[in-house]
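To keep things clear, I will list the structure first and then write my remarks on it.
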Amino acid sequence: MITHDVRVHPSSENLPRRDQLAWKIAEVAADPVEVPDEVTDMVINRVIDNAAVATASLLRAPIVAARAQALAHPYGPGAAVFGVGAGERVSPEWAAWANGVAVRELDYHDTFLAAEYSHPGDNIPPILAVAQHVAARPHMDNVDGRALVRGIATGYEIQVDLVRAISLHEHKIDHVAHLGPSAAAGIGTLLGLPPETIFQAVGQALHTTTATRQSRKGEISTWKAYAPAFAGKVAVEAVDRAMRGQTSPTPVYEGEDGVIAWLLDGPDAHYRVPLPGPGEAKRGILDTYTKEHSAEYQSQALIDLARRLHRERPELAAPEAVNDIVSVVIHTSHHTHYVIGSGANDPQKYDPAASRETLDHSVPYIFAVALQDGRWHHEDSYAPERAGRPDTVALWRKITTAEDPDWTRRYHSTDPDELAFGGRVEVTLRDGSRIVEEIAVADAHPLGARPFGREQYVAKFRTLAAGVLDEAEITRFLDVAQRLSELRPDELAELTVAAPPALLSAAVAPEGIF
């Protein structure tokens, strides 16, 4: 890896294009390096993972609305909309939109945490949509499964590298500002575009995806699922414009009126951004991790700890136990405390009538339910009747978080033996005794008790697709996905699923402009 120094430059310096971060990203994307086998295997895992969570969300209101918008834009060759099947194609940016919402809705796919937060699997819908569209063109027969793997590997690499180096949330900028550039770069790799074109697309994608974090604050709305889908849609459009010779604000990161100077650390900022050197494989995806539970990633380990307490200390899980519990304090990292903990100072995180999106960002709620139930379910655990159960509400309001400097240090550690996204839980009982337990990483994390491999990704897909897809469709999709790197251009359209028409028709799409 090469570490690049990135700072603000006044216009009078006329920073050369080749010294700009967007150009360096473009060079990485245009580098025709081979994809290592272990990276290809993980790309396949994440394609399956995305399909699993998208399938489980097909009847949820945000997906029904996004799918209706996409289907209002039929186009040929076009790309497939998840749930509808390969026979009905829409314009690729709209397929990226609908499929991006479906992937993100349940907060159930992969994650990477460092200086910033991210869900790198959000790169897959726009890159796949473009692949399906262009692969159907006679002169684009080089866009096949291997090219798609290369594009996805680039998307992950660029997002992971930006997340390692540049904090957005510190300045209340939503994390999808790293996704626009990474998706544009991944599409550039997929299509074999030159650095000049990718450079312009990266700049446009960044410029149009810098929004505030209010979408993840207070009463969290359905836009949480739409935000990465919007970034993916914008990335597709940015690449299209760049291919037509249209240019972007330059330098988009380093300019004196650019992103760093006014949205991030300011005129005196200095970032050190790692990127692969020439000829170096893109391995960033191997540092990411998926979710076993449908909830914000920083709650994953704490759900596992709550389940363990449910098994080992069943007296804490009984409804009447709330009378014996004085307090539950979760000592954890700065990020966890301030984003999904009581440090956010959001009363909505303790409100039984809060939206699902809000509850999935409330670790006090999540810990209470996981402790009492001994499990976490992507629908049942968020049901209004579950959130409103009196004994749960009473326990929930006794749970707080506290920042612990050591857990914050471990959150940012690059040492596998130190890395931690969990915390220490202290339960104080009415008799004065205390129960203290801790967990560093989620069970499903690569360093956890039960790391996810292909078997677990396939099982997750089968579990979430049960009752939604026919068994033949489940088997067909898994066969296609696991042959990803070998797929011919005409087979890329099969990287989708078709739900029974009767199931989709049960969800009435709201009317809009389209």
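Extent of segment 449-514 along each principal axis, from alpha carbon coordinates, in Å, largest to smallest?
Sorted from largest, the Cα extents of segment 449-514 read 44, 35, 24 Å.
Report the Rg/Rh value for the chain, based on alpha-carbon coordinates and the Kirkwood definition of Rh.
Values: Rg = 22.6 Å, Rh = 23.2 Å.
That ratio equals 0.97.
I'd like the orientation of helix 92-104 relative to the chain: the angle between its Cα long axis and the longest Cα principal axis, in ° from 0 to 90, rounded to 10.
Between helix and principal axis, roughly 20 degrees.
Cut-off is 10 Å between beta-carbons; in what order do D122, D304 appear when sorted fewest neighbours first?
On the way: D122 28, D304 24.
Taking fewest neighbouring Cβ atoms as first place, the list is D304, D122.
Count neighbours as other Cβ atoms within 10 Å of each site's Cβ, and list the GluC sites (Glu not before Pro) in segment 278-311 that are DSSP loop with at most 14 such neighbours. Could you put the intermediate results ahead of the total?
Details: sites: E280, E292, E296; in loops: E280, E292, E296.
When the GluC sites (Glu not before Pro) of segment 278-311 are filtered for loop state and at most 14 Cβ neighbours within 10 Å, E280 remain.
Going by alpha carbons, how many degrees (0 to 90, nearest 10) lie between the helix axis of 454-465 and the longest principal axis of the chain?
That works out to roughly 80 degrees.
Quick check on segment 271-370: what are the equivalent-ellipsoid semi-axes from the Cα gyration tensor, as sqrt(5λ), descending, whole Å? Please report the intermediate quantities before stating the final value.
Working: eigenvalues 231, 59, 30 Å².
Those come to 34, 17, 12 Å.
For the chain, find the longest principal axis of its Cα atoms and tell me its angle to the long axis of helix 37-56, 0 to 90°, nearest 10.
60 degrees
Pairs of alpha-carbon atoms within less than 8 angstrom and 6+ residues apart define the contacts here; what relative contact order does the chain have, in percent? Don't skip to the answer; put the middle values down first.
Numbers: 1076 pairs, mean separation 109.9, N = 514.
Relative contact order for the chain comes out at 21 percent.
Place a +1 charge on the Cβ of each Lys and Arg in the chain and a -1 charge on the Cβ of each Asp and Glu, then give the dipole magnitude about the Cα centre in debye, rounded to the nearest 20. Kindly include the intermediate steps, with their values, before the conclusion.
On the way: 48 positive and 71 negative charges, 126 e Å.
Approximately 600 debye in magnitude.
Which order do F514, F199, F421 fall in if you start with the one that has the fewest other Cβ atoms within 10 Å?
Values: F514 10, F199 30, F421 27.
The most exposed by this proxy come first: F514, F421, F199.
Which listed residue (G188, H310, Q214) has the Cα farthest towards the positive end of the charge dipole for the chain, taking +1 on Lys and Arg C-beta and -1 on Asp and Glu C-beta about the Cα centre?
Of the listed residues, the answer is Q214.
Express the relative contact order of segment 2-287 as a whole percentage, based on alpha carbon pairs under 8 Å and six or more residues apart in sequence.
Numbers: 593 pairs, mean separation 82.2, N = 286.
It comes to 29 percent, rounded to a whole number.
Placing +1 at every Lys and Arg Cβ and -1 at every Asp and Glu Cβ, with all other atoms neutral, what dipole size does segment 145-289 have around its Cα centre, in debye to the nearest 20?
Details: 14 positive and 15 negative charges, 116 e Å.
Value, rounded to 20: 560 debye.
Between H169 and R462, what length comes free when the chain is fully extended (0.36 nm per residue of separation minus the Cα-Cα distance, one decimal in nm)? Don't skip to the answer; put the middle values down first.
Values: separation 293, 0.36 × 293 = 105.48 nm, distance 3.49 nm.
So the extension gain works out to 102.0 nm.
What percent do you get for the relative contact order of segment 401-514 when only Cα pairs under 8 Å and 6+ apart count?
Result for segment 401-514 is 13 percent.
Here, each number is a calculation from the coordinates, and none is a lab measurement. Keep in mind it's a predicted model, so treat the numbers as computed, not measured. Positions of Cβ are backbone-derived with ideal geometry, glycine not excepted, and every protein chain shown enters the neighbour counts.
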